[in-house]
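To start, the structure under review is shown below, and the notes come after it.
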Amino acid sequence: MPSFRARLPIGDLLPGHAPEEVMAAAEAALAAAYTVEAKDLEVVARVPRIVLRFTVPESTWAGEDRAALAAAARMRQAVAEVATTGRAEVLRRVRGRWQPVG
């Protein structure tokens, strides 16, 4: 199964939401259609970002990439209901390295 990472910078929480809701929303959005293998919170240049690794079913290379990009867009949309976000970035595991998709 092809493995992907979705990375999403997180800004401020929206009123009435708790910090743990950010990761929960992201994971729920991805897990609705795909297997989430790992999740993490990183801080890069003082900006928090969530990172979720997930798999999509095998098909064509382009079809797998499209599925991963769509999944990341749904994840961003779900997180945007609880916090401000930046642009989602999708990476694909290729021969032991993570390469940008799209």
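The values are calculated or read from the model by the stated rules, or taken from the named source; none is laboratory data. Small disclaimer: the values here were computed from a predicted structure and weren't measured. Reconstructed Cβ throughout: ideal geometry from the backbone, glycine too, with neighbour counts over all protein chains shown. With ligands, DNA and RNA removed, areas are computed over all heavy atoms of the protein, side chains included. Shrake-Rupley method; radii C 1.70, N 1.55, O 1.52, S 1.80 Å.
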Original post:
Per residue, how much accessible area does the chain show when a 1.4 Å probe rolls over the protein heavy atoms, in square angstrom?
Top reply: 58 Å²
Subject >> 0 to 90° range, to nearest 10: angle between helix 20-31 axis and the chain longest Cα axis >> reply: 20 degrees
Subject >> With Cα atoms, 0 to 90° folded angle of helix 61-79 axis to the chain main axis >> reply: 10 degrees
**OP:** Report the extension gain between D12 and L69 in nm, rounded to one decimal, defined as 0.36 nm multiplied by the number of residues separating them, less their alpha carbon distance.
**Re:** 18.1 nm
**OP:** Please report, as a whole percent, how much of the solvent-accessible surface of the chain comes from carbon and sulfur atoms (probe radius 1.4 Å).
**Re:** 52 percent
Subject >> Residue order for T85, T55, T35 - accessible surface, 1.4 angstrom probe, largest first >> reply: T35, T85, T55
Subject >> Charge-dipole axis of segment 23-94 as Lys and Arg at +1 and Asp and Glu at -1 on Cβ define it, positive-most pick from A67, T85, A32 >> reply: T85
Subject >> Those trypsin sites (Lys or Arg not before Pro) in segment 3-86 that DSSP places in a loop and that have at most 11 other beta carbons within 10 Å >> reply: R46
Subject >> Extension gain, R97 back to E37 (0.36 nm per residue minus Cα-Cα distance, nm) >> reply: 19.9 nm
Original post:
Magnitude of the Cβ-charge dipole of segment 1-94, K/R +1 and D/E -1, about the Cα centre, nearest 20 debye?
Top reply: 300 debye
Original post:
So, with +1 on the Cβ of K and R and -1 on the Cβ of D and E, and no other charges, what is the size of the charge dipole of segment 43-89 about its Cα centre, to the nearest 20 debye?
Top reply: 260 debye
Original post:
Once a ≥ b ≥ c are taken as the square roots of the eigenvalues of the Cα gyration tensor of segment 1-59, is the result rounded (a/c under 1.5), prolate (a/b larger than b/c) or oblate (a/b not larger than b/c)?
Top reply: oblate
Original post:
Of all the stretches in the chain, which is the longest one without any exposed loop site, taking GluC sites (Glu not before Pro) in a DSSP loop (any state but H, G, I, E, B) with at most 14 other Cβ atoms within 10 Å?
Top reply: 1-57
